[in-house]
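These notes concern the structure reproduced below.
The values are calculated or read from the model by the stated rules, or taken from the named source; none is laboratory data. None of the values given here were measured: they were computed from a predicted structure. Cβ sites come from the backbone with ideal geometry, for glycine too, and all protein chains shown count toward neighbours. When the accessible area is computed, the model is the full protein with side chains, heavy atoms only, and any ligands, DNA or RNA have been set aside. Shrake-Rupley method; radii C 1.70, N 1.55, O 1.52, S 1.80 Å.
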Amino acid sequence: MWDGTHIMTLNNGYHLWTHSENTTGREDLLCLHGGPGDTHEVYERFGLELKSLGITVHTYDQLGSWYSDTPNWRDPQIRKQYLDMEYYISEVEEVRQKLGLEKFYLAGHSWGGLLSMEYALRYPEHLKGLIIISMIDNIADYVTHLKEILNDEFASYQVEYMSDTELRGEYQDPAYRKYIDHMYKEYVNRKQPSKMSHQIDIQSKPVYNTFQGDNEFIINGDLDGWDRSKDIHNIKVPTLLTFGAHETMPLATAQRMQKSIPNSRLVITPNGGHNHMVDNPEVFFTNLRRYFTDIFQGKFGE
């Protein structure tokens, strides 16, 4: 493997976009993007920021995402086979195998954090460490927190209007979209960097809508009910929990997770939303480099 972009052919015949940087490094970090249905782009700085530590950074776009193959989602059998959490967990393991990673670090952002927890519980023998970025261990706490921040941002009649609009499925209602856009700017992408912008929305809506719903502030897809809170104590590898101070995920749950995972550390990025590696990269990457440095020096957990 050499630095750059590579197209990976899966056993099912589909192709994934992959990218590797610092391939002469002594350690490997595999990064799982969020969404579901987003892309690798929040990880674009990771290779540069971790180069001095000798860390090879691997990113890829999951099946259905913009730069990888898109199956025919109109086919019910294909939807049943691939629009499924079990498929995406198995995809992580196949990517690991095809990249030749025997022992590696795994980072997951949002939905990718969910996948990383699932992977850590199923394949602990392959992990050296785990980095969970802006993801908690159950959906119920997330839903409760969403209601709290909506009530903080809007008057009761506005929250009621949003709820009624959602019940009718009228997600393109202009007033509703205005409220949702406000929430994205406050809690997801606080920095709004132009370099992260596209001329169109490149998120895979079939993937996102199946698991999440219309937007970040509702859950009416297949993720509803997901809960690993009783299992995460079984994650034994050094684990970094990193969250934004002003984001969609409840920090109280993150604090409880830090107590549940035996060898873990919780860090909070000030003025950071759900994408806090973009909102405040200086703090985020300082915390990330310290995680690796402390592990290499045998100081993590002290």
If you go through the range 211-238 one residue at a time, how many are of a type in the set (K, R) and either in contact with a helix residue (DSSP H, G or I) (Cβ under 6 Å, 6 or more places away or on another chain) or not in a loop (DSSP other than H, G, I, E, B) (or both)?
-> 1
Select from the range 242-280 the residues that are in contact (Cβ under 8 Å) with a residue 24 or more places away in the chain and of a type in the set (S, T, N, Q) and list them in ascending order.
-> T242, T248, T253, S260, N263, S264, T269, N271, N275, N280
If only one of D181, D214, D231 is open to solvent by 30 Å² or more (accessible area, probe 1.4 Å), under 27 Å from Y105 (Cβ atoms) and acidic (D, E), which one is it?
-> D231
When you look at L241, is it modelled with pLDDT of 95 or more, part of a strand (DSSP E or B) and either over 16 Å from S116 (Cβ atoms) or open to solvent by 30 Å² or more (accessible area, probe 1.4 Å) (or both), yes or no?
-> no
In this structure, does D173 turn out to be modelled with pLDDT of 95 or more, buried (at least 16 other Cβ atoms within 10 Å of the Cβ), under 30 Å from E91 (Cα atoms) and not small (G, A, S)?
-> no
Matching entry among E166, E186 (being on the phi < 0 side of the Ramachandran plot and crowded, with 17+ Cβ neighbours inside 10 Å) = E166
Mind checking whether some residue in the range 59-69 is of a type in the set (A, V, I, L, M) and surrounded by fewer than 21 Cβ atoms within 10 Å (Cβ to Cβ)?
-> no
Output yes when any residue across the range 109-127 is over 20 Å from I219 (Cα atoms) and part of a loop (DSSP other than H, G, I, E, B), and no when none is.
-> yes
Residues of the range 1-37 satisfying the condition of being open to solvent by less than 70 Å² (accessible area, probe 1.4 Å) and of a type in the set (A, V, I, L, M) | M8, L10, L16, L29, L30, L32
